[in-house]
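Input: a single structure, listed below in structure tokens.
No value in this document is a laboratory result; all are computed from the given coordinates. Please read all numbers here as calculations on a predicted model, not as lab measurements. Counting neighbours? That spans all protein chains shown, and the Cβs are built from the backbone with ideal geometry, glycine included.
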Amino acid sequence: MENTRIDWVQIDDADCLKFTFKDIFTHKEAMIASQEWKSSFQERVNNRFVVIFDAKAMKNYEPLARSVWQKTMTELKGQIESIWLVTDSKIIAAGAKIMSVFTSFNIKTVSAEENIILKKNSMAA
């Protein structure tokens, strides 16, 4: 895929599937990435994971790409612990709000990956 990279990363001791997007997220790339996402989760079928959409370098997306993403999120709902979006773009954030409505996920938006907090007990003692 030219504009999408998929990696397993660790944040706060949690396994996270991270999608890094750049330029325009096309329907074609969404179809390929969706299959890779399903494959990655299938290898770890009895677990739940945090999903990170790093869209800092994404300029826009095709509406059909968003539809594929919504469908995939719904299909994999049982394995998704939470979803985080990293972006400064109001357009990308608005797309995430639309996906939240149609998938019942509360997609949390942050401006930097360092702002993702996954620890259940993050209060200082």
Restricting attention to region 7-55, which residues are β-branched (Val, Ile, Thr) and under 17 Å from Arg66 (Cα atoms)? Thr20, Ile24, Thr26, Ile32, Val51, Ile52
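Quick grid of which residues meet (1) among the hydroxyl-bearing types (Ser, Thr, Tyr); (2) surrounded by fewer than 20 Cβ atoms within 10 Å (Cβ to Cβ); (3) within 19 Å of Ser100 (Cα to Cα):
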| residue | (1), (2), (3) |
| --- | --- |
| Leu17 | no, no, yes |
| Val51 | no, no, yes |
| Ala57 | no, yes, no |
| Pro63 | no, yes, yes |
When you check Thr4 against the structure, is it over 16 Å from Asn115 (Cα atoms), buried (at least 18 other Cβ atoms within 10 Å of the Cβ) and touching a Lys or Arg at 6+ places or on another chain (Cβ under 9 Å), yes or no? yes
Residue check for Val68: surrounded by 18 or more Cβ atoms within 10 Å (Cβ to Cβ), among the hydrophobic types (A, V, I, L, M, F, W, C) and in contact with a Ser or Thr (Cβ under 6 Å, 6 or more places away or on another chain): yes
Restricting region 2-58 to residues that are among the polar types (S, T, N, Q) and part of a helix (DSSP H, G or I), the one nearest to the chain's Cα centre (by Cα) turns out to be Ser34
Tell me which residues, restricted to region 81-94, are crowded, with 18+ Cβ neighbours inside 10 Å and either in contact with a Phe, Trp or Tyr (Cβ under 6 Å, 6 or more places away or on another chain) or within 21 Å of Trp8 (Cα to Cα) (or both). Ile83, Trp84, Leu85, Val86, Thr87
Taking region 67-109 and the residues there that are of a type outside the set (Gly, Ala, Ser) and in a loop (DSSP other than H, G, I, E, B), the one that is farthest from the chain's Cα centre (by Cα) would be Asp88
Of all residues in region 95-115 being among the aliphatic types (A, V, I, L, M) and surrounded by fewer than 18 Cβ atoms within 10 Å (Cβ to Cβ), which is nearest to Lys22 (Cα to Cα)? Ala112
